[in-house]
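The structure appears right after this line, and notes come after that.
Each reported figure results from applying straightforward, stated rules to the coordinates on display, with no laboratory input. Everything numeric here is computed off the predicted structure, so don't read it as measured data. Note that each Cβ is placed from the backbone with ideal geometry, even for glycine, and that neighbours are counted across all protein chains shown.
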Amino acid sequence: MDHVMFLLFRAYFITLMTVGMMASLTEFRFGRRKLLGIMAVYSAWVVGSSLALLYFGGELLLLRLFLITISAPATFLTYWAANDTPSQAVFNYMTQILLSVLAASVIRHITSVLGLSALMNILLMGIFYGTAIYLEWRFLRKPFRVLIQAIPAHWGILTLIPCVFCAYLIFVASWPGSYLDNPVQMIYAYAAVVPLVVVYIAVFRSLLGQYRIQMERQNAALLTVQISALREKLHEMEEVEERIRVQRHDLRHQLQTAAELLSRGDRESALNFLDTARKRLDERREIHWCRSPVLDAVFSSCFAQAQGQGVLVEAKISLPEQLPVDEGELAIVIANALENALHANLALPRENRRISCRMIGYPDLMLEIVNPFCTAVRFDEEGFPVSPKEGHGLGTQSIRYFCRKYGAVCHWETKDEQFVFRLIL
C-alpha cells in the first residue's frame, strides 16, 4: 500500500510540475481564482484516475494510459484557459509533456541504477522541474509569445512532432513490459533523443527564419509609411514654394495699389486693403508641429488623414530640436499609434470621431494619444493590446520593440469609453 501511495504521489508531483512548465509559456485569459478552481478539479481527476489505474494494473498500466488520462485533459483545460490557437497550444503543451516524460524517465533510471531512495528521486525531479520552469519563464516566455504573435498560422504540422515522439516513447517504454526491466526497450527509448534534438533544432531554426521574414516585412511596411509621409511633406513644400512665388508676384501689385491709394490721400482704404492682404497670407500660413522634419511630416500626414475622414484633431506638440532617440524610429511609433487611433475612430459616427494628441520633450519625452472606441479591447499580460484579426497588430509589435530597445515605458488603458496610449522615455 505504501508503494502505491508513493507512485500516486510521484505521478501527481510530475503532473503538477508539467502543468507548471506548460503555464510558464502560456498567456491565460482567466483570473487567478478561476485558474486555481480548474486546477483543483483537474487534481482530483488526476488523483482518482491514477489511483484506479495503479489499483487495477499497477505502474505499467499507468505508464501506458497516462497520455489519455492525464496529458490529454491537461492539454484541453490549459487550452481552454489560454489565449493560444489550437495548433499553438498543442505544440507548446505536448512539447512540455515530452520533455517531462524524458526527464522523469531519465531520473527514474538514474536513481534505480545508483540505488538511491525514493525521496532522492523526488528531490532530483524537484530540482529539474524547478530549474526548467524558472529558465522557461525567465528566458523563453517573452521570445515565444512574440514568436506566436508574429507567426499566428502554420503551426498545425508542427504539432505532429511532439505528439509522435510522445506516442513512440510511451509505446517503447511500456510494451511488452516496463523499460526498467528490459535494456533493449531502454536503448530504443533513449535512442529517440538524438533525432528529437535534431528535429527540434531544425524546427526552431525554421521558426526563427519565419520570424525574421515577418519582422522584415513589418519594417518594410513601416518604412513605406515613413517614406510616404516624407513624400507628402515634400509635395506640400513644393506647393508652398509655388504659393510663395505667386504671392511674391501678387505683392508687387498690392504695393502698387497701396501706394496709389496713399498718393490720393485715402489712408483708410489703403490700411483696409493691406489688412485684407495680411489676412489672406495668414490663411495660407503652413502649420509646423515641431522642428524635426521627419516628425513634422508624420504629424502633418496623420492629422491630414484623420481630418480627411471627419476626425476632429486636437494636438499640442512641444518638442526640442535634439531628441534622446532616433527620430526615424520615434516617427514610426507615432505613426503606428495615430494610425491605430484613426482606425478606431472609423468605426464610430462622424460626429463622435476625435483624436487628442499631446507630446512634450521636457522633463521627459512623453506622448499621449486619446481616442474614443466602440469595440472591446483585449490586453495581454504585459498590458499590450491584442488584435483578434490575423495579420493585424504589427504596429503594436513595433511599439513593443521600440520600448525594449530604448527602455521606454508605454501604457494602454480604457477609461470612460476612451482609449488612452501613453509613452514615456
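A few comments on the model shown:
- Listing LEU119, LEU16 from fewest to most neighbouring C-beta atoms within 10 Å gives LEU119, LEU16.
- Among VAL184, VAL172, VAL409, the largest mean-square fluctuation in a Gaussian network model of the chain (Cα springs under 10 Å) belongs to VAL184.
- Cut-off of 10 Å, at most 15 other beta carbons, DSSP loop: longest stretch of the chain lacking such GluC sites (Glu not before Pro): 1-285
- For region 289-425, the ratio of Cα radius of gyration to the globular rule of thumb 2.2 N^0.38 Å stands at 1.00.
- Rough spin-label spacing in nm, given labels placed 7 Å along Cα→Cβ, for LEU36 and GLU321: 5.9 nm
- The aspartates and glutamates within cross-link reach of LYS142, meaning a Cα-to-Cα straight distance under 19 Å and a gap of 8 or more places when in the same chain, are GLU27, ASP84, ASP380, GLU381, GLU382.
- Label separation (ALA277 vs LEU61): 10.5 nm, computed from points 7 Å beyond Cα along the C-beta direction.
- Most mobile listed residue (HIS249, HIS288, HIS235) in the chain, GNM with C-alpha springs under 10 Å: HIS249
- Pairwise FRET efficiency - LEU160 versus HIS109, Cβ, R0 = 25 Å, nearest 0.05: 0.40
- Efficiency of FRET from Cβ geometry, VAL377 and ASN182, R₀ 35 Å, rounded to 0.05: 0.05
- For region 86-114, backbone nitrogen atoms closer than 20 Å to the point 7 Å from ILE68 Cα along Cα-to-C-beta are found at 94, 97-98, 101.
- Listed candidates (i) 29, 27, 25; (ii) 68, 20, 16; (iii) 47, 26, 19 - label of the one calculated as semi-axes √(5λ) of the Cα gyration tensor in Å: (ii)
- Computed magnitude of the charge dipole of the chain (debye, nearest 20; Cβ of K, R +1, Cβ of D, E -1): 520 debye
- Rh by Kirkwood over Cα pairs, then Stokes-Einstein D for region 2-191 at 1.002 mPa s and 20 °C, µm²/s: 123 µm²/s
- One quarter of the surface of the convex hull around the alpha-carbon atoms of region 79-144 equals 5.3 nm², the direction-averaged projected area.
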